[in-house]
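Some notes on the structure that comes next.
The values are calculated or read from the model by the stated rules, or taken from the named source; none is laboratory data. All values derive from a computational prediction rather than experimental measurement. Note that we place each Cβ from the backbone using ideal geometry, even for glycine, and neighbour counts take in every protein chain shown. The accessibility values were calculated without ligands, DNA or RNA, using every heavy atom of the protein model including side chains. Shrake-Rupley method; radii C 1.70, N 1.55, O 1.52, S 1.80 Å.
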Amino acid sequence: MDAGLFERFRDAVVSVRDIHDPRLTIDIDGSVRIQYSVFDHINASARLIVMGITPGESQANEALRTARAALSMKLSASEAMKRAKPAASFAGA
């Protein structure tokens, strides 16, 4: 799995407290800002796909917390992404 985008934001994932931190900004166009969220993992053996447009704030923050915890345990980027997505997918409101 390509961890390129995760690696680009890895330092921010480790240090920021919420998804609104400017260090997670991918791009800004006028009043629209695109923030990175740790939803990179793709389960290649999945037999069912549940698709959505974008994670909400609660889901994005939970993914961030889960990835940060995995990295603090010295797990790989791939493992951090693998843990973050299911932990956050249906979290919060």
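Quick notes
- Residues whose placed amide H lies under 5 Å from that of V38, excluding near-sequence neighbours: L64
- In sequence order, calculated HN-Hα J values of segment 14-22 (Karplus, 6.51, -1.76, 1.60; Hz; x Gly/Pro): 6, 10, 7, 9, 8, 5, 7, 4, x
- Accessible area of segment 1-70 belonging to carbon and sulfur atoms, whole % at 1.4 Å probe: 54
- In this structure the chain gives 67 Å² per residue of accessible area when probed at 1.4 Å with all protein chains present.
- Where labels lie 7 Å past Cα in the beta-carbon direction, separation of R8 and T25 in nm: 1.5
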